[in-house]
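Chemist: Input: one structure, supplied below.
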Amino acid sequence: AQSVTQPDIHITVSEGASLELRCNYSYGATPYLFWYVQSPGQGLQLLLKYFSGDTLVQGIKGFEAEFKRSQSSFNLRKPSVHWSDAAEYFCAVGFQTGANNLFFGTGTRLTVIP
Amino acid sequence: DAGVIQSPRHEVTEMGQEVTLRCKPISGHDYLFWYRQTMMRGLELLIYFNNNVPIDDSGMPEDRFSAKMPNASFSTLKIQPSEPRDSAVYFCASSLQTSITRVDEQFFGPGTRLTVL
């Protein structure tokens, strides 16, 4: 069965430090990969997506993610975190089965300390 | 485009009352999704529609929940009767499938925060 795992429930980083949020998926079909961010009281906003091609994708707000097929991973990174990046981050995966729905991870809450 | 529109943004009701949540997807999108988000269970897919037709309602928790999409620009999620455990944030999302072999991004509304007393 398809599944998406975000192993870190909560991460705390200092402002200016680098960030990496982990995401792993399980399923054999071609994955379509997404990262969303949710600020308190808001809906989910798309940060970036991977469909094919270059495995390193750039997104909004200075975020990037790298698809590693051999590890079934799609980790999100940012070289220098800003206080405004504090939010909940969701990894989502779609699989080429004809259905257009996404499977979401459980989210990682990011706290940024000054 | 105004994005996905949901109403109301907040709803407080008493147990046993009927609750109706509304969603207007992005114009031209052919998929519409209803999600529920709670601290305990995270983000759950309740039901989704393709071209106004329900495709998968396996996430609907029980018969008290129902969803309709009478046309391409409007959907409702109804809870009757409501219970305190239904308290959650309900999100509507829409997407446009650009190819049958592809899964496209979903655009989320701001959510409706439901509190059942």
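The values are calculated or read from the model by the stated rules, or taken from the named source; none is laboratory data. Here the structure is a predicted model, which means the values were calculated and not measured. We place every Cβ from the backbone using ideal geometry, glycine too, and count neighbours over all the protein chains shown. Ligands, DNA and RNA are excluded from the accessible area calculation, which covers all protein heavy atoms including side chains. Shrake-Rupley method; radii C 1.70, N 1.55, O 1.52, S 1.80 Å.
Chemist: Does residue B:30 satisfy the condition of being more than 11 Å from chain A (Cβ to nearest Cβ) and on the phi < 0 side of the Ramachandran plot?
Modeler: Details: more than 11 Å from chain A (Cβ to nearest Cβ): no; on the phi < 0 side of the Ramachandran plot: yes.
Against the criterion (more than 11 Å from chain A (Cβ to nearest Cβ) and on the phi < 0 side of the Ramachandran plot), residue B:30 does not qualify.
Chemist: Would you pick out the residues in region B:1-37 that are farther than 22 Å from residue B:83 by Cα, among the β-branched types (Val, Ile, Thr) and part of a strand (DSSP E or B)?
Modeler: Correct list: B:5 only.
Chemist: Inside region A:21-74, counting only strands (runs of 3 or more DSSP E) that do not spill past its ends, which hold 3 or more residues that are touching a residue at least 24 places away in the same chain (Cβ under 8 Å) and on the phi < 0 side of the Ramachandran plot? Give the steps one after another, and end with the answer.
Modeler: On the way: elements: A:24-26, A:31-38, A:44-50, A:56-58, A:64-68.
Correct list: A:24-26, A:31-38, A:44-50.
Chemist: Looking only at strands (runs of 3 or more DSSP E) that lie completely in region B:47-108, which have at least 1 residues being over 27 Å from residue B:15 (Cα atoms) and more than 14 Å from chain A (Cβ to nearest Cβ)? Working first, answer last.
Modeler: On the way: elements: B:53-56, B:65-71, B:74-79, B:88-95.
In region B:47-108, the matching strands (runs of 3 or more DSSP E) lie at B:65-71.
Chemist: So which of A:61, A:78 ends up being open to solvent by 80 Å² or more (accessible area, probe 1.4 Å), more than 25 Å from residue B:50 (Cβ to Cβ) and charged (D, E, K, R)?
Modeler: Working: A:78 fails: open to solvent by 80 Å² or more (accessible area, probe 1.4 Å).
Only one candidate passes the filter, namely A:61.
Chemist: For region A:91-106, give me each residue that is in contact with a Leu (Cβ under 7 Å, 6 or more places away or on another chain) and at the interface with chain B (Cβ under 7 Å from one of its Cβ atoms). Give the steps one after another, and end with the answer.
Modeler: Looking only at region A:91-106, we keep the residues that are in contact with a Leu (Cβ under 7 Å, 6 or more places away or on another chain), and these are A:92-94, A:101, A:104.
Answer for region A:91-106, where residues must be in contact with a Leu (Cβ under 7 Å, 6 or more places away or on another chain) and at the interface with chain B (Cβ under 7 Å from one of its Cβ atoms): A:94, A:101, A:104.
Chemist: With the structure loaded, tell me whether residue B:40 is more than 10 Å from chain A (Cβ to nearest Cβ), among the aliphatic types (A, V, I, L, M) and assigned to a loop (DSSP other than H, G, I, E, B) or whether it fails that test. If you could, list the steps in order and put the result at the bottom.
Modeler: Details: more than 10 Å from chain A (Cβ to nearest Cβ): yes; among the aliphatic types (A, V, I, L, M): yes; assigned to a loop (DSSP other than H, G, I, E, B): yes.
Yes, satisfied.
Chemist: I would also like to ask the following. Would you mind telling me which numbered condition in (1) in contact with a Ser or Thr (Cβ under 9 Å, 6 or more places away or on another chain); (2) modelled with pLDDT of 95 or more residue B:30 fails?
Modeler: The single condition residue B:30 does not satisfy is (2).
Chemist: Picking from B:82, B:95, B:58, which residue would you name as being open to solvent by 50 Å² or more (accessible area, probe 1.4 Å) and of a type in the set (Gly, Ala, Ser)?
Modeler: Numbers: B:82 fails: open to solvent by 50 Å² or more (accessible area, probe 1.4 Å); B:95 fails: open to solvent by 50 Å² or more (accessible area, probe 1.4 Å).
So the residue among B:82, B:95, B:58 that is open to solvent by 50 Å² or more (accessible area, probe 1.4 Å) and of a type in the set (Gly, Ala, Ser) is B:58.
Chemist: Go through A:18, A:39, A:73 for me and flag whichever is out of contact with any Gly (no Cβ under 9 Å at 6 or more places or on another chain) and within 14 Å of another protein chain (Cβ to nearest Cβ).
Modeler: Numbers: A:18 fails: within 14 Å of another protein chain (Cβ to nearest Cβ); A:73 fails: within 14 Å of another protein chain (Cβ to nearest Cβ).
Going through A:18, A:39, A:73 in turn, just one is out of contact with any Gly (no Cβ under 9 Å at 6 or more places or on another chain) and within 14 Å of another protein chain (Cβ to nearest Cβ): A:39.
Chemist: Moving to a separate point now. If only one of A:52, A:84, A:70, A:18 is loosely packed, with under 12 Cβ neighbours inside 10 Å and within 30 Å of residue B:8 (Cα to Cα), which one is it?
Modeler: Details: A:52 fails: within 30 Å of residue B:8 (Cα to Cα); A:70 fails: within 30 Å of residue B:8 (Cα to Cα); A:18 fails: within 30 Å of residue B:8 (Cα to Cα).
Matching residue, one of A:52, A:84, A:70, A:18: A:84.
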